[in-house]
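The values are calculated or read from the model by the stated rules, or taken from the named source; none is laboratory data. Since the model is a prediction, treat every value here as computed from it, not as a measurement. Here the Cβ positions follow ideal geometry from the backbone for every residue, glycine too, while neighbour counts run over all protein chains shown.
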Amino acid sequence: MKIFARDIPPRSAWTLEQAGVHPLLAQLYAARGVQGMQELDDGLAHLLPPSDMLGLSAAAQLLANAMGENKKLCIVADYDCDGATACAVAVRGLRLLGARQVSYIVPDRVVDGYGLTSPISQRVKASGADVLITVDNGIASLEGVATARALGLQVLVTDHHLPAMVQGHIVLPEADVIVNPNQPGCGFASKSIAGVGVMFYVLLALRAELRQRGAFEAKEQPKLDALLPLVALGTVADVVRLDPNNRRLVAQGLKRVRAGAMPAGMAGLFEASGRSAPVATTFDFGFALGPRINAAGRLSDMTLGIECLLTDDTTRAQELAKMLDGINRERREIEGDMREQAFAIAESLFDEDEEPPPALCVFDPDFHEGVVGIVASRLKDKLHRPTFVFAASSAPGKEHELKGSGRSIPGFHLRDALDLVAKRYPGVLLRFGGHAMAAGCTIPEEHFDTFEQGLNEVAHEWLDAATLERRLDTDGPLKPEYRRVELVDVLQKEVWGQGFAAPTFSEEVEVVSQRLIGEKHLALKLKHQGQPVDGIWFGHTEQLPARVKLAFRLDADAWNGIRRVRFLVEAAEL
């Protein structure tokens, strides 16, 4: 592990500080590319305009016409947190704007697989719906959309994933309208917006269309900002890059959550996870609420998660939140067992004194397909290699297929790698899709070795020694005057996440003492620039030398009613 300090553009830092930003925050923002105060203004007026998103006007007209004719609208959701929150935003928002007949269907991870399939289109038609609206899926569902259209359904695709590639060419589904910033010809600047954000923009455009048609006056129009807590949750949980537009959406959602203005289900999830909504952070969204919603789609039925986000009954919300918490505990147990087995399989692929292969593919017949993505992420983090973890499909008639989930490292575009493997080895990949850093695929079990070979070939070609070396970018040394509880609170209130990393500092410290607690965490007494400070390294048991360069985050620990700063160690350069 090599620990580096980010460059801090002095002019940007000076400009921010002169504008009244705290000196430490000015340095942190400048190091993350912020050049001026406008980028830090999280007001809704500074959101990118809906007019920039291709298809929004047509989507608004389609929905307004359908509502005017009292047509039945059916949302086809996805089974992760982004899909669940997007579905809840769609249902709540459409009803808020006057739609009287809105329902939803969420695919089953095991039975249906990902996206809008032909059988799901048939289920939507059988439900009596007239209009099918996808959220967080659909852009690659060529057959599913074709089936829906053939059945007489109007189809609106809202998505943020990359389109399908057929023989090297982008092919879009033949929907009535597509809203996706990643479709060709869309000038919307925030290509990293989550699926829930796309649906929120659809509602903004629909409200404007209805206002133009005289459905309500501007002063009396429904307030869509009530949906922002859900938008923030889905955005953070989907680990999309927090560009300025996404940061505004998340910041606005956080403000409302801290003020207690959120759906009953979100309040129930805060309570079930032991988190405090008045001091909510992006960490709570990503590591407390998000996983509990995701657990439903991994092990059970995402309907539970969506119903939790839709109900306005406090008692019902608390019951559903407790159920989701229980499912998440089960998920953690399954994941723990799978993680150990996956680590053992991966480490058997190379000798102890060797470097791991450039890409890792792991399969065991006992793996649970709902948890392979999490395990792939853990394995990727440990060995710093693009990683796929596979489980046998439990769908009827698909017993000889393997369903894999992959996670990648910077410099290796996972979806593009799958596309290249598919071209070189026709028939090996039955289905695939995803992003640069996360992707999924289905392969015949008999072709596992061929897939592994193909992925490693691409990794050999695309990755060099510098890319394969684990590195951690930090914010460099921490000035002693910034080691204060008040500053910990200031930092935790900010919007941090993917592409806008939470502050991590690094420098050489003296290790005064160290001991194991709970047999798996290292408790430390440190001297930081000559002054004592406590530290803890969760999940680490190996002893440290007397002087060592550490990367650490700031935290506040309470003892006997007194809050003190402590360092949460992230890594050591040994």
Subset of segment 333-350 that is over 12 Å from His368 (Cβ atoms) and among the charged types (D, E, K, R) - its residue that is farthest from the chain's Cα centre (by Cα): Glu347
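Rundown of residues vs (1) among the acidic types (Asp, Glu); (2) assigned to a helix (DSSP H, G or I); (3) in contact (Cβ under 8 Å) with a residue 40 or more places away in the chain; (4) closer than 28 Å to Ser405 by Cβ, yes/no style:
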| site | (1), (2), (3), (4) |
| --- | --- |
| Ile443 | no, no, yes, yes |
| Ser513 | no, no, no, no |
| Leu522 | no, no, yes, no |
| Leu550 | no, no, yes, no |
| Asp555 | yes, no, yes, no |
Test for Asp337: is it more than 18 Å from Val110 (Cα to Cα) and part of a helix (DSSP H, G or I): yes
Failed item in (1) more than 22 Å from Ala438 (Cα to Cα); (2) not in a loop (DSSP other than H, G, I, E, B), with Val236 passing the rest: (1)
Counted residues, segment 302-317 - those being charged (D, E, K, R) and within 22 Å of Asp78 (Cβ to Cβ): 1
Criterion (more than 22 Å from Met1 (Cβ to Cβ), over 24 Å from the mean Cα position of the chain (by Cα), of a type in the set (Val, Ile, Thr) and modelled with pLDDT of 95 or more) met by exactly one of Val495, Val511, Val485: Val485
Failed item in (1) surrounded by fewer than 20 Cβ atoms within 10 Å (Cβ to Cβ); (2) among the basic types (Lys, Arg); (3) touching a Leu at 6+ places or on another chain (Cβ under 6 Å), with Arg292 passing the rest: (1)
Pick from segment 522-574, criterion more than 24 Å from Leu491 (Cα to Cα) and surrounded by 15 or more Cβ atoms within 10 Å (Cβ to Cβ), ranking: modelled with the lowest pLDDT: His540
Arg109 vs. criteria buried (at least 18 other Cβ atoms within 10 Å of the Cβ), touching a residue at least 40 places away in the same chain (Cβ under 8 Å), under 22 Å from the mean Cα position of the chain (by Cα) and assigned to a loop (DSSP other than H, G, I, E, B): yes
Pair list, Cβ < 7 Å and 6+ apart or interchain, from segment 1-12 residues that are surrounded by 13 or more Cβ atoms within 10 Å (Cβ to Cβ) to residues that are among the acidic types (Asp, Glu): Met1/Glu573; Ile3/Glu573; Phe4/Asp473; Ala5/Asp475; Arg6/Asp473; Arg6/Asp475
Top-ranked residue of segment 274-314 - restricted to ones that are assigned to a loop (DSSP other than H, G, I, E, B) and farther than 26 Å from Val110 by Cβ, ranked as farthest from the chain's Cα centre (by Cα): Asp313
Pair list, Cβ < 7 Å and 6+ apart or interchain, from segment 228-240 residues that are within 20 Å of Pro181 (Cα to Cα) to residues that are of a type in the set (Asp, Glu): Gly234/Asp82; Ala237/Asp82; Asp238/Asp82
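Let's see how each residue does on (1) out of contact with any Lys or Arg (no Cβ under 7 Å at 6 or more places or on another chain); (2) free of Cβ contacts under 8 Å to residues at least 60 places away in the same chain:
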{"position": "Gly454", "(1), (2)": "no, yes"}
{"position": "Leu468", "(1), (2)": "yes, no"}
{"position": "Asp473", "(1), (2)": "no, no"}
{"position": "Pro480", "(1), (2)": "yes, yes"}
{"position": "Arg483", "(1), (2)": "yes, no"}
{"position": "Glu486", "(1), (2)": "yes, yes"}
{"position": "Leu491", "(1), (2)": "yes, no"}
{"position": "Gly497", "(1), (2)": "yes, no"}
Number of positions in segment 258-271 that are more than 19 Å from Leu203 (Cβ to Cβ) and surrounded by fewer than 24 Cβ atoms within 10 Å (Cβ to Cβ): 7
Verdict on Val375 being of a type in the set (A, V, I, L, M, F, W, C), within 24 Å of the chain's Cα centre (by Cα) and in a strand (DSSP E or B): no
Asp473 vs. criteria within 22 Å of the chain's Cα centre (by Cα), within 25 Å of Ala572 (Cα to Cα) and either not assigned by TED's automatic domain parsing to the domain that holds Phe552 or not hydrophobic (A, V, I, L, M, F, W, C) (or both): yes
